[in-house]
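The block underneath contains the structure these notes are about, expressed in C-alpha cells.
Read-outs throughout are calculated quantities, based only on the coordinates presented, and are distinct from any laboratory measurement. On a predicted model such as this, the values are computed, not experimentally measured, just so you know. Virtual Cβ from ideal backbone geometry, glycine too; neighbours counted across all protein chains shown.
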Amino acid sequence: MCGIVGFVGSEQAAPILLDGLARLEYRGYDSAGVAVVSEQHELQVRKAKGRLQALSDAIHGGADLKGCIGMGHTRWATHGAPSEVNSHPHVSAGGKFAVIHNGIIENYVEIKEFLISQGVRFKSETDTEVVAQLLEFYYHECHDFFEAVGRVLRRIEGAYALGMLCADCPDRIIAARKDAPLLLGYGDGCTFLASDATAIIRHTRDVAYMEDGEVAVLTADGIRVYNALSQPVEKEHHRIDWEVSAAEKGGYQHFMLKEIMEQPEALRRAIFPRIRDGKIALGGMKLTNAQIRDFSRIFIVACGSSYHVGMIGKYNLEHLLHRSVEVCLASEFRYSDPIVDEHTLVIVISQSGETLDTMAALREAKKRGAYILSIVNVVGSSIARESDDVLYTWAGPEIAVATTKAYSTQLAVLDMIGLYFGEVLGTVDPAEYGEVVAELQKLPEKMEALLGRCDDIPKYAAEYFNHNSVFFIGRNLDYALGLEGSLKLKEISYIHSEAYASGELKHGTISLIEDGTLVIALGTYAPLFDKAMSNVVEVKARGADVLALTTESHAKEMAKTVENVLTIPDTARLLLPSLGVVPLQLFSYYVALQRGCDIDKPRNLAKSVTVE
Ligand code: F6R
C-alpha cells in the first residue's frame with residue numbers, strides 16, 4: 001500500500017526522495033510528504049494532498065528543502081481521509097520526531113487516549129501519529145532515540161514498516177518492520193530505505209530485506225540491524241538484477257499497456273527455463289516425488305486476480321491430477337478453520353509477495369502443518385521467504401495497479417506445476433502432456449501474434465464505453481476467465497461488471513438482461529462451445545448487445561449469431577485462458593482510455609495490499 005523511501009548520504013536528499021516516491025506512487029497516491037533534516041538540525045516537513053506532482057511543485061522539485069538526510073511517503077488512506085494533515089510524515093507535538101508508516105497500528109485508539117490523558121495534542125485522525133507522539137513521550141523519559149524506538153515497538157500492535165527521524169540525532173534514520181515490506185539499500189557513502197526496490201534501483205542494486213521484528217539504524221557510513229532482542233544481526237545482501245528501464249514506461253502512454261505488451265517476453269522467462277527435452281523441470285523446487293504422492297489435499301490460496309489464476313488452476317489441476325483442489329480467497333481461508341494438516345499442499349499465489357491476507361493465510365496453513373509452495377513475482381518478498389518452496393514468475397516489475405503480465409505468468413507456472421505433479425502421480429495422459437508442453441513453448445509466440453492483430457479492440461471500446469453495466473458469461477475455464485475480465489474492466493473503467501457461469505443465468509441473473517445490456521460472451525472452451533452458444537442466443541433474445549470471444553476455429557460458427565467477435569489462436573484446451581485474457585485486458589484498457597480514467601492508478605486502489 002503506502003510507499004516509503006529514505007536516504008542518508010552527502011547529496012541533497014529531497015530530489016532523491018521525490019524521484020523514489022515517483023517510482024512508488026503506484027503503491028498509494030492520495031497524498032504525499034517528505035521530511036528532510038536541515039544543516040541546522042531542524043526537521044523540515046512538507047506534505048500535499050493528491051498526486052505527488054502537487055508536493056513536488058510545492059517544494060520546487062525538492063530545491064526548497066536543503067539537507068542530506070530525509071524520508072518520503074506516498075499514502076493510501078486507511079485511518080483518516082486523504083488530506084494534508086493526515087498525510088505522512090507525522091510530526092510529534094514537540095517537533096522532535098517525524099514518522100512515516102505503512103500498515104495499521106491496531107491499538108492506536110488506546111494509545112491515543114493514554115497520550116491525550118498525558119496532555120499530548122493530536123493533529124490528525126491517523127493511527128500513525130501515535131507513533132510520533134509516543135516516541136517523543138518515551139524520549140522524554142530515556143533521552144535515547146534507539147531506546148525510545150524499542151519502547152514504542154513494545155507498545156504498539158499491528159503491522160508496520162516505519163521510518164523515523166529525530167531532530168536530536170540528525171545523522172540517522174531508524175527503521176522497523178513487522179508484517180509490512182521494507183528493504184535496505186547500500187550505496188557508495190549513502191544508505192537507503194524503501195518499501196520496494198523500484199524506489200532506489202537508480203542508486204543501488206545492493207539490498208537487504210528486513211525481517212519482522214528487526215530494527216535498522218541507517219547512517220551515511222552504513223546500516224546496523226538489530227533483532228527484536230536488540231542483538232546485532234548480519235544481513236544477507238541481495239543484488240537486484242532487473243534494469244531501471246523495466247520500471248519505466250518506455251514510450252507507452254501507460255504502464256498497463258506496456259505490461260500487456262510485455263507478456264510474451266515475460267512468458268518466455270517463466271516457461272522456457274522450465275522445459276527440458278519436452279519435460280517440465282521445476283529447477284530449484286525442493287518438493288520430492290514422495291511428498292507429492294503423499295498429499296491428500298490441495299488448496300490454492302490467493303486474492304484478486306491471483307485468486308482468478310487459482311480458479312483456472314482448479315479446473316486444470318483437477319483434470320491433470322484427478323484430485324480435488326480447493327481454491328480459496330486468502331481473506332476467507334485464514335478465518336475459516338480450514339481442514340489442513342501435514343498431508344496438505346497449499347499453493348499460494350501472489351504477484352507482490354506482500355499481500356497481507358495471503359501472508360496470513362500462508363502462516364495459518366503452515367501452523368497447521370501444510371507444505372507451502374508459492375508462485376510469486378517479487379523476488380525476496382515476504383511470501384517467497386516464508387514459503388517452503390517458491391517458483392518465481394520472473395515477470396519483472398509490475399507497476400500498473402491492474403495486474404496483467406503477473407497474471408499470465410502465474411497461470412503458466414501453475415499449469416507447469418499441474419503437468420509436473422501429473423507426471424509424478426501418473427495421472428496425466430502422456431499425449432495430452434506432450435501437447436500441452438509443446439503448446440506452452442508456442443504460447444509466447446502465439447500471444448505475440450495475437451497482440452499484433454488486436455486492432456479492432458479500440459473500435460469495440462469506442463462502441464461500448466458508455467455502458468454502465470456489463471456481464472461476462474462463460475462455462476468452465478471461460479467462467480474463470482470471465483472473472484478476471486470482469487475485474488479488469490471494473491477496476492480501471494469503474495463500469496459495474498459481473499462474471500457468471502453461463503449455466504447460472506437462468507437461476508436469477510437473466511432478469512437483469514434487457515435491451516442494450518452489454519454481455520461479453522466467452523466461448524473459447526471447445527468442449528462446451530455449443531452450450532455457450534445456447535446462452536448467447538438466450539441473452540440476445542432478451543435484447544443484449546453481445547461481444548463474443550472465441551477461438552479461430554470457432555469464429556465462423558460464432559459469427560452466425562454474433563456480429564462482434566474477438567478471436568484468439570487455437571491452443572491446448574488448458575491454455576486457452578492464457579490467450580483469452582489478452583483481448584479482455586486490452587478491451588478494459590481501451591474502455592478506460594475512452595472514459596478518461598486514470599488507468600495506472602485507479603481510484604481507491606493501490607498495488608500490494610498490505611492491510612487487511
Ligand atoms: C487486480 C489486482 C489485484 C491483485 C490482488 C492480489 O488487477 O492486481 O486483484 O491480484 O490484490 O495481489 P498479489 O498478487 O500481489 O497478492
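Quick check: Cα centre of the range 68-101 to Cα centre of the range 422-479, how many Å?
44 Å
How far is helix 529-541 tilted off the main Cα axis of the chain, in degrees rounded to 10, range 0 to 90?
That works out to roughly 80 degrees.
If you take the C-alpha gyration tensor of the range 418-459, multiply each eigenvalue by 5 and take the square root, what semi-axes do you get, largest first, in whole Å?
Square roots of five times the eigenvalues give 32, 9, 7 Å.
Going from the alpha-carbon gyration tensor of the range 2-115, what semi-axes, largest first and in whole Å, does one get by taking the root of 5 times each eigenvalue?
After scaling each eigenvalue by five and taking roots: 22, 17, 11 Å.
Once you have the Kirkwood Rh of the chain from its Cα pairs, apply Stokes-Einstein at 10 °C and 1.306 mPa s and quote D in µm²/s.
It diffuses with D of about 63 µm²/s by this estimate.
For the range 275-319, report the translational diffusion coefficient in µm²/s to the nearest whole number, using Stokes-Einstein at 20 °C, 1.002 mPa s, and a Kirkwood Rh over Cα pairs.
For the chosen part, D equals 168 µm²/s.
Cα axis of helix 108-117 to longest principal axis of the chain: angle in degrees, 0 to 90, nearest 10?
20 degrees
Test of understanding: what is the full-extension gain from ASP530 to SER324, defined as 0.36 nm times their sequence separation minus their Cα-Cα distance?
71.5 nm
Would you mind counting up the charge near GLU11? Only other residues with Cβ under 14 Å from its Cβ, with Lys and Arg at +1 and Asp and Glu at -1.
Local charge sum for GLU11: -1.
If we count other beta carbons within 10 Å of each Cβ, what is the order of HIS496, HIS554, HIS143, fewest first?
So the residues, fewest neighbours to most, are HIS143, HIS496, HIS554.
Rounded to the nearest 20 Debye, what is the dipole magnitude of the range 447-593 about its Cα centre when Lys and Arg each give +1 and Asp and Glu each give -1 at the C-beta?
Working: 12 positive and 18 negative charges, 40 e Å.
Computed about the Cα centre, the dipole is about 200 debye.
Looking at HIS554, THR524, LEU579, which one has the Cα that reaches farthest to the positive end of the dipole of the range 503-612 (charges on Cβ: Lys, Arg +1; Asp, Glu -1)?
Of HIS554, THR524, LEU579, it is LEU579.
In degrees from 0 to 90, rounded to the nearest 10, what is the angle of the helix 13-24 Cα long axis to the longest principal axis of the chain?
Approximately 20 degrees, to the nearest ten.
Please get the size of the charge dipole for the chain, origin at its Cα centre, with Cβ charges of +1 on Lys and Arg and -1 on Asp and Glu, quoted in debye to the nearest 20.
300 debye
Fully extended, how many nm does the chain gain between ASP64 and ASP212 (0.36 nm per residue separation, minus their Cα-Cα distance)?
The span from ASP64 to ASP212 would gain 49.7 nm if fully extended.
What's the FRET efficiency of ALA462 with ALA81 using the Cβ-Cβ distance as r and R₀ = 45 Å, to the nearest 0.05?
My answer for the efficiency is 0.80.
Report the dimensions of the range 549-612 along its three principal axes from the alpha-carbon atoms, largest first, rounded to Å.
Projected onto the principal axes, the Cα atoms of the range 549-612 cover 45, 29, 16 Å.
With the alpha-carbon atoms as the only input, what is the per residue convex hull volume for the range 322-402 in Å³?
Convex hull of Cα atoms, per residue: 106 Å³.
Using each residue's phi in the range 265-272, evaluate 6.51 cos²θ - 1.76 cosθ + 1.60 at θ = phi - 60° and report the 3J(HN,Hα) Karplus result to the nearest Hz, with x for Gly and Pro.
5, 4, 5, 4, 5, 6, 9, 4
Give the separation of the Cα centroids, the range 522-547 to the range 236-252, in Å.
Cα centroid to Cα centroid, the span is 43 Å.
Rounded to whole Å and ordered largest first, report the semi-axes of the equivalent ellipsoid of the range 88-175 derived from its Cα gyration tensor (root of 5λ).
The equivalent ellipsoid of the range 88-175 has semi-axes of 17, 15, 12 Å.
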